[in-house]
Amino acid sequence: MADLSCRIAGIDSINPFWLASAPPTDKKYNVVRAFQKGWGGVVWKTLGVDPPVVNVTSRYGLHKDFKGATIGINNIELISDRPLDVNLREIEECRREWPDRVIIGSMMAEMDEQAWKELAIRIANSGVHGIELNLGCPHGMCERGMGSAIGQVPEMVEKTTRWVREVVDLPVFTKLTPNITDILVPAEAALAGGAHAVSLINTVNSIVSVDLDAMAPDPMIDGKGTHGGYCGSAVKPIALNMVAEIARNAATRDLEISAIGGINTWRDAAEFIALGASGVQVCTAAMLYGFRIVEDMIAGLSAFMDEKGYKTLDDFRGRAVANTVDWNELNMNFDLKARIDEESCIECGRCHIACEDTSHQAIRIEAKDDGGRRFVVIDDDCVGCNLCMHVCPVDQCIEMEPVANGLPHLTWPDHPKNPAHKAVAESV
Amino acid sequence: MRKKQLSPTHKRDMDIERAFSDLHPPLDAGAAFIEASRCLYCYDAPCINACPTAIDIPTFIHQIRTDNLDGSARTILDANIMGGTCARACPTEILCEGACVLNKGDEKPIRIGALQRRSVDHLMDKVAKNGTHPFQRAPQSGRRLAVIGAGPAGLSFAHRAAMLGHDVTVYEARPKPGGLNEYGLAAYKMVDDFAQKEIDFLLGIGGISIKYGKKLGEDFSLSDLKKQYDGVFIGIGLGGSGTLGIPGEDLDGVEPALSFIEHLRQAKQKSHVKCGRHVVVIGGGNTAIDAAIQSKKLGAETVTLVYRRGDDSMSATAWERDLARLNDVQIRTWARPSSIGGDQKADHIMFERTKIIDGRLQGTGETYRLTADLILKAIGQKMLPLGLGDLQIKNGRIVVDDQYQTSMPGIYAGGDCIQSGDDLTVQAVQDGKLAALAIDQALTRNDAQPPVAAHSGKGGA
């Protein structure tokens, strides 16, 4: 059986599955329940300087797909609304009662060196394994000069990271906000400030829906709403890209990554690890289904690793990084054609209408003798875009077949149709 | 507190009423959303082609999914104003649901009928409350049209013609509208007086008046109507029941299955309808099944359905046959009635076994006897030609061209009295709709509008 233990920023964890700093890690009661189910660690809900914040009701809005499944949640809950003392005492108790589980203390404060330092020391004294700097919360706290208000300014990212590094002798995780243009800028700032790892992504700024009766955004608080932090499956693609950017950037490639963003299953976790993450943090999936989901995350990841022959997470960690390249490095001579299996086709016509209306008019309908219809790919018009395969409701009915055209690997910079290349060729 | 004791009769009556409750309870909002979400939203979907009225099924289901129930109902009713009855009574297993592509993928087809009912019932309830009909009439054309028969074909015609701006007068022989929707469908498919509710809804468009107790050939003639109106539509259905032509057919206790169903539908209390202890139903169609199941529900000890050919030749669908068997109806095949016996009142019926000899169905001479005090004939309906005069008739049905026009110019026909497709409500609705469009085009041809083929291509007579 595969070994799921991992080490991130020098911290050993029995598995890579941690709960992110969020409502599920608000207090000892929840954390103990999570540990009982098998979570390897938790990042305690963000602690601030007393007096504690006060929250509003309601706090969550849901984004659902066509079939009614939740694809994302947006929340406007603030950081821990319990006194710091209470939180720290519970952290100490959890550390004592669950010695093999990781507890990271998440914190935020205004841009005041003394505030950051004093809070960091108090949290460190509770026995946490490390400290995470919440520089990402995009609602409420940023209006008070905290959270993403700091995370969006590289100099402040560097400063806060350094302040904490200067006073505590623990691994420091700088948690980044995705509400910026280029994730490499804050990542490099965190590195410059001395971060051992970065945690990303925090939630995405969002309005999840508008109540058309009340004419106000959801969630609604006495007739008004505000923008909140978007999380869940829908943000996974954004998170994967940002993690990959950091992992394949020369300056940041050695920075350890605790990946966050829409991780619902073992497969999601494996994808982040393949892009270089050392561990993952989960929140939304647990909020929707409870802590029990970690059981399948553990079993599924373990089965996947056994199947592939990976003995440890390091055996496949970062394996997809080298294959994540710039567009300019793609082979332009690679060619695919759609192949529709008539046997398994149920004749729904989805491939045809997708191609006909929105792509390349490369799937023709022919009448069959039995009164049914046959969908035929016109190879000359098929550009191999994959759309038909993706909309087909039948598993493996449409497959994309590589064309053996015998052409060499050719990238855009070398392509004869590239005007820049032509100019260079002419100038030679 | 003492619990009130039910008398045995009262309890039996309540059991019977309960047995006639809705065959398929309606889907609630949540169940409808989940079912709608299974739909693949096919392009040029086979279910549309399988529907005689060509309802845009993927679109109306998509509209359930997007919480646009009003729009969903409009999509249905635009193609089929009796979408509510069709949702309840259509043999969907051989129409839309039978064509659903999910059948090919070894999945259960979408419950199209149940979803259709959800949308239409929603809008009908809403209209019943606020009184706003969902379709508007075109500006008054000044034309007056007559309809003979307030069944599905006639009412569908009337609604469409009214929508196109014409004024319509419907002549109905009976005291109530609805035709087979009111008199001929099983009670458990049409609970809560649905047929009349649907007609109230349909008439809400305005411009339609119905004259009851007016019978063609007795109270008025075709030529009367032709003189008084700009066009006439005949939707008289098949008013006569087939006869067996065997000894004893005149005995008490022998009646057409449709009369039995009609009594049930019109009865204030089902338990008051007279039923036999041993019921024999003759025939293999859905009417035979409806009559057999309802006899059982009324408390008959044995109900036997006898059909002259094999199971596969029955026009009742496999689903209907299973429903009968589930309701403890015994189905016997390959036998035809030879005589009915009894002293004034039938007490038994003799059957002769049949088989195919030289490609023809023939009796084998071997007979058997069934005890029976109620014998229901469901051997098909015949058109009563009373009052049709010189109209061309072929194979017992009125001949029409591809525009639903009969051999007499200006007189149109549709529904079961023509040979357009299966004898189903949904086909009658389509005939009425298309005939109204055809008559409208003929009337406005002066406006230099190019004629458009109105017929669905399902083949007129």
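For chain A, A:6, A:94, A:137, A:142, A:231, A:283, A:345, A:355, A:382, A:385, A:392, A:397 have no disulfide-compatible partner, since no other Cys C-beta lies under 4.7 Å from theirs.
Here is the interface size for B with A: some 1200 Å² of accessible area buried, both sides summed, with a 1.4 Å probe. Our note on the geometry: Cα centres of the stretch A:251-293 and the stretch B:51-85, 44 Å apart. In the elastic network of chain A, a GNM with C-alpha springs shorter than 10 Å, the most mobile of A:235, A:210, A:168 is A:210. Based on DSSP H runs of at least 4 residues, each adding -39500 (n - 2.57), what is the mean residue ellipticity at 222 nm of the protein assembly as shown after dividing by all its residues, to the nearest 500 deg cm²/dmol? Per the formula, -9500 deg cm²/dmol. Protein heavy-atom accessible surface, 1.4 Å probe, per residue over the stretch A:186-316: 40 Å².
Give, as a single signed number, the net charge of other residues whose beta carbon lies under 14 Å from the beta carbon of residue B:163, with Lys and Arg counted +1 and Asp and Glu -1. Let's see the in-between values first.
Working: positive: B:74, B:137, B:143, B:160, B:433; negative: B:78, B:167, B:440.
Surrounding charge for residue B:163 is +2.
A straight Cα-to-Cα reach below 20 Å connects residue B:296 with the lysines B:11, B:189, B:268, B:270, B:274, B:377, residues fewer than 8 places away in its own chain not being considered. Decide, for the stretch B:124-258, between rounded, prolate and oblate: order the square roots of the alpha carbon gyration tensor eigenvalues as a ≥ b ≥ c, take rounded if a/c falls under 1.5, and otherwise choose prolate if a/b is larger than b/c, else oblate. Taking the square roots of the gyration eigenvalues as a ≥ b ≥ c, the stretch B:124-258 is oblate. Each other residue within a Cβ distance under 14 Å of residue B:33 adds +1 if Lys or Arg and -1 if Asp or Glu, for a net charge of +2.
To the nearest 10, the accessible area of residue B:125 is 90 Å² with a 1.4 Å probe. Annotation for the stretch A:178-247 versus the stretch B:188-255: alpha-carbon center distance of 67 Å. Computed from point charges on the beta carbon alone (+1 for Lys and Arg, -1 for Asp and Glu), the dipole magnitude for the protein assembly as shown about its Cα centre is near 2980 Debye. By the rule of a C-alpha distance below 15 Å, with chain neighbours fewer than 8 residues away ignored, the aspartates and glutamates paired with residue B:214 are B:172, B:224.
Counting other Cβ atoms within 10 Å, which GluC sites (Glu not before Pro) in the stretch A:248-345 have at most 11 and lie in a DSSP loop? Walk me through the intermediate numbers first.
Numbers: sites: A:256, A:271, A:295, A:307, A:329, A:342, A:343; in loops: A:342, A:343.
Answer in residue order: A:343.
For a straight C-alpha distance cut-off of 26 angstrom, the lysines reachable from residue A:368 (same-chain residues fewer than eight places away being disregarded) are A:337, B:104, B:108, B:458. For residue A:216, the residues whose modelled amide H falls within less than 5 Å of its own, excluding neighbours fewer than 5 places apart on the same chain, are A:211. Computed over chain A with a Gaussian network model linking Cα atoms closer than 10 Å, the most mobile of A:383, A:282, A:86 is A:383.
Using the alpha-carbon positions of the stretch B:24-130, Rg (one decimal) and Dmax (whole number) come out as 12.5, 44 Å.
What you get for the stretch A:215-308, charging only the Cβ of Lys and Arg (+1) and of Asp and Glu (-1), is a dipole of about 160 debye around the Cα centre.
Of all DSSP bridge pairs formed entirely within chain A, close to 50 percent run antiparallel. In the protein assembly as shown the Cα-Cα distances spread across 20 Å bins starting at 0 as 12, 30, 26, 21, 9, 1 percent of all pairs. For the stretch A:6-315, with all protein chains in place and a probe radius of 1.4 Å, 50% of the accessible heavy-atom surface sits on carbon or sulfur. Dipole magnitude for the stretch A:6-315: computed about the Cα centre from +1 point charges on Lys and Arg Cβ and -1 point charges on Asp and Glu Cβ, it is near 460 debye. Keeping the other protein chains in place, figure out the carbon and sulfur percent of the accessible area of the stretch A:329-422, with a 1.4 Å probe. About 50 percent, which is the carbon plus sulfur part of the accessible surface. Taking all protein chains together, A:340, A:363 sort by accessible area into A:340, A:363, largest first [probe 1.4 Å]. Normalised size of the stretch A:6-315, defined as Cα radius of gyration per 2.2 N^0.38 Å with N residues, equals 0.93.
Which is the longest stretch in chain B that no exposed loop site breaks, taking sites as trypsin sites (Lys or Arg not before Pro) with a DSSP loop state and at most 14 other Cβ atoms within 10 Å? Mind dumping the intermediate values first?
Values: sites that count: B:2, B:3, B:4, B:268, B:274, B:277, B:458.
No qualifying site falls inside B:5-267, the longest such stretch.
Mind running the shape call on the stretch B:242-378? Use the C-alpha gyration tensor, a ≥ b ≥ c as the square roots of the eigenvalues: rounded below 1.5 for a/c, prolate if a/b tops b/c, oblate otherwise. It comes out oblate by the Cα gyration axes. Using heavy atoms of the protein chains and a probe of 1.4 Å, the accessible area assigned to residue A:58 is about 50 Å². Considering only alpha-carbon pairs that sit under 8 angstrom and 6 or more positions apart, the relative contact order computed for the stretch A:329-422 is 41 percent. With all pairs of separate Cα atoms included, the stretch A:146-234 yields a Kirkwood hydrodynamic radius of 14.6 Å.
Across A:67, A:28, A:311, mean-square fluctuation computed from a Gaussian network of chain A (C-alpha pairs under 10 Å connected) peaks at A:67.
Per-residue mean of foreign Cβ neighbours for B:97-105 is 4 (Cβ atoms of other chains, 10 Å radius).
For A:409, A:360, write out the residues from largest to smallest accessible area, computed with a 1.4 angstrom probe and no ligands counted. Intermediate results must be reported in sequence, preceding the final value.
Working: A:409 125, A:360 80 Å².
From most exposed to least exposed: A:409, A:360.
For residue A:281, the shell of other residues with beta-carbons less than 11 Å away shows a net charge of 0, using +1 for Lys and Arg and -1 for Asp and Glu. For the peptide A:339-347, the mean number of other protein chain Cβ atoms found within 10 angstrom of a residue's Cβ is 3. Going by the alpha-carbon gyration tensor, a ≥ b ≥ c the square roots of its eigenvalues, is the stretch B:60-114 rounded (a/c under 1.5) or, if a/c is not under 1.5, prolate (a/b greater than b/c) versus oblate? It is oblate, given that a/c is not under 1.5 and a/b is not larger than b/c.
Legend: residues A:358, B:169, sorted from most to least accessible area (1.4 Å probe; ligands, DNA and RNA excluded), read A:358, B:169. A probe of 1.4 angstrom, applied to the heavy atoms of all protein chains, finds residue A:100 with accessible area near 80 square angstrom.
The values are calculated or read from the model by the stated rules, or taken from the named source; none is laboratory data. All of these numbers come straight from a predicted model, not from anything done at the bench. Reconstructed Cβ throughout: ideal geometry from the backbone, glycine too, with neighbour counts over all protein chains shown. Heads up: the accessible areas ignore ligands, DNA and RNA and are worked out on the full protein's heavy atoms, side chains in. Shrake-Rupley method; radii C 1.70, N 1.55, O 1.52, S 1.80 Å.
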